Amino acid sequence: MHLLVIEDELKLGDYLRKGLIESGFNVDLARDGTEGLGMALTGNYDAIVLDVMLPGIDGFKVLETLRKSASTPVLMLTARDDVADRVKGLESGADDYLAKPFAFSELLARVRALLRRGALQESTRYALSDLQLDLTTRRASRGGKRLDLTAKEFSLLSLLLRRQGQILSRAVLADQIWGMNFNSDTNVVEVAVRRLRAKIDDPFEEKLLHTVRGMGYVLEHRDDGST
């Protein structure tokens, strides 16, 4: 099982990562909200442990944005046992809430409970027309033929499929796939999109990955077949 911990307190973040790894999980750690959101949207996580008070963007905003495209189980952490905070978190889409300080054994039990529930809910397969992607096997195919994608191309396609029909700007792609601030002098996004398009669109009559001038890119079905 793959977990993401988003926690800015250095000692606590390291403690949680170490404890969860020792409990048999594969764990990634983000130190602020911006980094955590990017990882949450592009990574294949089974559950997320999310602190409320984070630099960059706070946990509520991370959760709100995540819930627009994913139903990954989320356990929220707060330094205050405040009813208003718990209610806000749950209404924003959190699956469970834990106030600091807490016993690691309780956090572990709550994470395991979320994973049992999440296994019944979370989709690991996405499709658009004859394009298919499986997060579990990390395989993508179109027209029944497997696509040979690099790790970055797979992450890019995963993000586009999860948010199909939404225009994603170059800045969003740069942040969420490469973890970098978009620089207009850098063409890394354009190059990656061009290479991905060559694999998922060029050999096929129907084009799915479209450029929206001045705005970004969108993965969607269009009757006119325009790009």
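Out of K199, K152, K145, which single residue is farther than 17 Å from H210 by Cα, over 17 Å from the mean Cα position of the chain (by Cα) and not β-branched (V, I, T)? Step through it out loud before you land on a result.
Numbers: K199 fails: farther than 17 Å from H210 by Cα; K152 fails: over 17 Å from the mean Cα position of the chain (by Cα).
Going through K199, K152, K145 in turn, just one is farther than 17 Å from H210 by Cα, over 17 Å from the mean Cα position of the chain (by Cα) and not β-branched (V, I, T): K145.
So in segment 1-34, with the set limited to residues that are surrounded by 21 or more Cβ atoms within 10 Å (Cβ to Cβ) and not hydrophobic (A, V, I, L, M, F, W, C), which one is farthest from P101 (Cα to Cα)?
That would be G33.
Suppose we filter segment 86-108 for residues that are assigned to a helix (DSSP H, G or I), open to solvent by less than 60 Å² (accessible area, probe 1.4 Å) and either under 18 Å from G59 (Cα atoms) or aliphatic (A, V, I, L, M) (or both); how many remain?
Pass one, segment 86-108, residues assigned to a helix (DSSP H, G or I): 86-92, 104-108.
Narrowing the set further to residues that are open to solvent by less than 60 Å² (accessible area, probe 1.4 Å) leaves 89, 92, 104, 107-108.
Subset that is either under 18 Å from G59 (Cα atoms) or aliphatic (A, V, I, L, M) (or both): 89, 92, 107-108.
Going through segment 86-108 one residue at a time, the tally reaches 4.
Any residue in segment 127-156 that is within 21 Å of Q176 (Cα to Cα) sitting within a Cβ distance under 6 Å of a residue that is outside any loop (DSSP other than H, G, I, E, B) and open to solvent by 60 Å² or more (accessible area, probe 1.4 Å)? List the pairs, counting only those 6 or more apart or interchain.
Close Cβ pairs (under 6 Å, with a partner that is outside any loop (DSSP other than H, G, I, E, B) and open to solvent by 60 Å² or more (accessible area, probe 1.4 Å)) amount to D134/R125.
Are any residues in segment 194-226 surrounded by 14 or more Cβ atoms within 10 Å (Cβ to Cβ) and either charged (D, E, K, R) or assigned to a helix (DSSP H, G or I) (or both), and if so, which ones?
Across segment 194-226, the qualifying residues are R195, L196, R197, K199, I200, D201, E206, K207, E220.
Go through (1) in contact with a Pro (Cβ under 8 Å, 6 or more places away or on another chain); (2) touching a residue at least 40 places away in the same chain (Cβ under 8 Å) one by one and return the number of the condition G33 breaks.
It is condition (2) that G33 fails.
If we scan segment 123-135, do we find a residue that is farther than 13 Å from D201 by Cα, in a loop (DSSP other than H, G, I, E, B) and modelled with pLDDT of 85 or more?
No, segment 123-135 contains no residue that is farther than 13 Å from D201 by Cα, in a loop (DSSP other than H, G, I, E, B) and modelled with pLDDT of 85 or more.
Is there a residue being buried (at least 19 other Cβ atoms within 10 Å of the Cβ), under 22 Å from G36 (Cβ atoms), out of contact with any helix residue (DSSP H, G or I) (no Cβ under 7 Å at 6 or more places or on another chain) and modelled with pLDDT of 85 or more anywhere in segment 148-160?
yes
Using the structure shown, decide if L128 is in contact with a His (Cβ under 7 Å, 6 or more places away or on another chain) and either more than 25 Å from H2 (Cβ to Cβ) or among the basic types (K, R) (or both). Step through it out loud before you land on a result.
Working: in contact with a His (Cβ under 7 Å, 6 or more places away or on another chain): yes; either more than 25 Å from H2 (Cβ to Cβ) or among the basic types (K, R) (or both): no.
Taking the combined requirement at face value, the residue does not satisfy it.
Filtering segment 114-134 down to residues that are touching a helix residue (DSSP H, G or I) at 6+ places or on another chain (Cβ under 7 Å) and closer than 22 Å to I48 by Cβ, which residue is surrounded by the fewest Cβ atoms within 10 Å (Cβ to Cβ)? First the steps, then the outcome.
From segment 114-134, those touching a helix residue (DSSP H, G or I) at 6+ places or on another chain (Cβ under 7 Å) are 126, 128, 131, 133; that's our starting set.
So of that shortlist, the ones also closer than 22 Å to I48 by Cβ come out as 126, 133.
Values: Y126: 18, L133: 24.
My answer is Y126.
So which residues in segment 35-55 are open to solvent by 10 Å² or more (accessible area, probe 1.4 Å), in a helix (DSSP H, G or I) and within 22 Å of R86 (Cα to Cα), if there are any at all?
The answer is L37, and nothing else.
Being in a loop (DSSP other than H, G, I, E, B) and in contact with a strand residue (DSSP E or B) (Cβ under 6 Å, 6 or more places away or on another chain) is the filter here; which residues of segment 21-34 pass it? Step through it out loud before you land on a result.
Taking segment 21-34 first, the residues in a loop (DSSP other than H, G, I, E, B) are 23-25, 31-32.
Within segment 21-34, just F25 meets the criteria.
The values are calculated or read from the model by the stated rules, or taken from the named source; none is laboratory data. Being a predicted model, the structure only gives us computed values, none of them experimental. Cβ: placed from backbone, ideal geometry, glycine included. Neighbour counts: every protein chain shown. Heads up: the accessible areas ignore ligands, DNA and RNA and are worked out on the full protein's heavy atoms, side chains in. Shrake-Rupley method; radii C 1.70, N 1.55, O 1.52, S 1.80 Å.
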